[in-house]
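Undergrad: Structure in structure tokens, see below.
The values are calculated or read from the model by the stated rules, or taken from the named source; none is laboratory data. Computed from a prediction, not measured in an experiment: that's the story for all the values here. Backbone-built Cβ (ideal geometry, glycine too); neighbour counts: all protein chains shown. With ligands, DNA and RNA removed, areas are computed over all heavy atoms of the protein, side chains included. Shrake-Rupley method; radii C 1.70, N 1.55, O 1.52, S 1.80 Å.
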Amino acid sequence: MRGQEYDAWSPDGGNPPEHTCTLPFTRGMAGPMDFTPGTFDFTNTAVPGTRPQTTIAKQLALAVVLHSPIVMSSDKVENYCGRPEFEFLRRCPTNWKQTVVPEARIGEFVTVARASRSNPDEWYIGAITGGKAHDSEFALDFLPEGRAYTARMFVDGEKADYRTNPMSIDIKDMNVRRGDLLRLHLVPGGGAAVILVPAPEPDEALASTASGQTG
């Protein structure tokens, strides 16, 4: 496999978008991979024209799609400052209790959902695409019955494109339950990263509000 270091110095411009949509079916079948997702600054003065062939949202999603229990982010600390999307990498576990693959096609798109081993009620979703856009749609059948979840979504911006506008990203929240359809529009070389956490039960929300008032 070609790791993300190829996106820094490879004379062919870096890993093509379909590379990470192929790895789960090849090297990934043998176990954890060392890929170091998380590049936020695509400027490369050493080898102009060589950079990650992804959007920022896909960089986040790779932390879920490409399994690696021992992982580091690939950029300088300074490049994460003031970037709200770094929240996903900060919160994303590296050790999982359960893995579900709602959809995948070699070289074209891959969507992976994983439950945190330390907190199995929390789920993380990574969806990535190759060189073509993909409209992802799948049911959240892996969530437990009878519990509402809050989905924090880091998705490609409206005009995002890995070739012309890789930095465009939207962050939004929505409430979901088991069986709901999650729809994600992935641009060419794009992706989506989602954090699913249980929403407070009515009694919990009331207690939290009361606590805030008395404090």
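Undergrad: Does F86 satisfy the condition of being in contact with a helix residue (DSSP H, G or I) (Cβ under 6 Å, 6 or more places away or on another chain), open to solvent by 20 Å² or more (accessible area, probe 1.4 Å), within 24 Å of A133 (Cα to Cα) and touching a residue at least 40 places away in the same chain (Cβ under 8 Å)?
TA: Numbers: in contact with a helix residue (DSSP H, G or I) (Cβ under 6 Å, 6 or more places away or on another chain): yes; open to solvent by 20 Å² or more (accessible area, probe 1.4 Å): yes; within 24 Å of A133 (Cα to Cα): yes; touching a residue at least 40 places away in the same chain (Cβ under 8 Å): yes.
Yes; evaluated as a whole, the condition is true for this residue.
Undergrad: Would you confirm whether or not the stretch 35-50 contains a residue that is at pLDDT 95 or above, in contact with a helix residue (DSSP H, G or I) (Cβ under 8 Å, 6 or more places away or on another chain) and not in a loop (DSSP other than H, G, I, E, B)?
TA: Checking the stretch 35-50: not a single residue is at pLDDT 95 or above, in contact with a helix residue (DSSP H, G or I) (Cβ under 8 Å, 6 or more places away or on another chain) and not in a loop (DSSP other than H, G, I, E, B).
To keep it simple, each residue is scored yes or no on (1) out of contact with any Gly (no Cβ under 6 Å at 6 or more places or on another chain); (2) under 16 Å from K58 (Cα atoms); (3) buried (at least 19 other Cβ atoms within 10 Å of the Cβ).
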| position | (1), (2), (3) |
| --- | --- |
| T94 | yes, no, no |
| S118 | yes, no, no |
| I125 | yes, yes, yes |
| A133 | yes, yes, no |
| D156 | no, yes, yes |
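Undergrad: Here is a follow-up. Given the condition crowded, with 19+ Cβ neighbours inside 10 Å, part of a loop (DSSP other than H, G, I, E, B), touching a Phe, Trp or Tyr at 6+ places or on another chain (Cβ under 6 Å) and not charged (D, E, K, R), answer yes or no: does some residue in the stretch 66-81 qualify?
TA: Yes: the stretch 66-81 contains one or more residues that are crowded, with 19+ Cβ neighbours inside 10 Å, part of a loop (DSSP other than H, G, I, E, B), touching a Phe, Trp or Tyr at 6+ places or on another chain (Cβ under 6 Å) and not charged (D, E, K, R).
Undergrad: Which members of the stretch 40-59 meet the condition of being of a type in the set (G, A, S) and open to solvent by less than 10 Å² (accessible area, probe 1.4 Å)? Show your work before the answer.
TA: Going through the stretch 40-59, the residues of a type in the set (G, A, S) turn out to be 46, 49, 57.
Scanning the stretch 40-59 gives a single hit, A57.
Undergrad: If I ask for residues that are assigned to a loop (DSSP other than H, G, I, E, B), hydrophobic (A, V, I, L, M, F, W, C) and surrounded by fewer than 21 Cβ atoms within 10 Å (Cβ to Cβ), which ones from the stretch 158-174 would you list? Write out each step before concluding.
TA: From the stretch 158-174, those assigned to a loop (DSSP other than H, G, I, E, B) are 158-160, 162-164, 166-168; that's our starting set.
Right, trim to hydrophobic (A, V, I, L, M, F, W, C) and you get 160, 167.
Residue satisfying the conditions is M167 alone.
Undergrad: Under 7 Å between Cβ atoms, which residue pairs at least 6 apart in sequence (or on different chains) link something in the stretch 1-16 that is in a loop (DSSP other than H, G, I, E, B) and open to solvent by less than 50 Å² (accessible area, probe 1.4 Å) with a partner that is of a type in the set (A, V, I, L, M, F, W, C) and at pLDDT 95 or above?
TA: none
Undergrad: Select from the stretch 25-61 the residues that are more than 14 Å from Y162 (Cβ to Cβ) and of a type in the set (S, T, N, Q) and list them in ascending order.
TA: Correct list: T26, T36, T43, N44, T45.
Undergrad: Are any of the residues in the stretch 106-115 at negative phi, open to solvent by less than 30 Å² (accessible area, probe 1.4 Å), of a type outside the set (G, A, S) and in a helix (DSSP H, G or I)?
TA: Looking through the stretch 106-115, none of the residues is at negative phi, open to solvent by less than 30 Å² (accessible area, probe 1.4 Å), of a type outside the set (G, A, S) and in a helix (DSSP H, G or I).
Undergrad: Taking the stated definitions as given, is K132 more than 15 Å from L182 (Cβ to Cβ) and either of a type in the set (S, T, N, Q) or in a strand (DSSP E or B) (or both)? Even if it seems obvious, please write down each step before you answer.
TA: Details: more than 15 Å from L182 (Cβ to Cβ): yes; either of a type in the set (S, T, N, Q) or in a strand (DSSP E or B) (or both): no.
Spelling it out, it is not the case that K132 is more than 15 Å from L182 (Cβ to Cβ) and either of a type in the set (S, T, N, Q) or in a strand (DSSP E or B) (or both).
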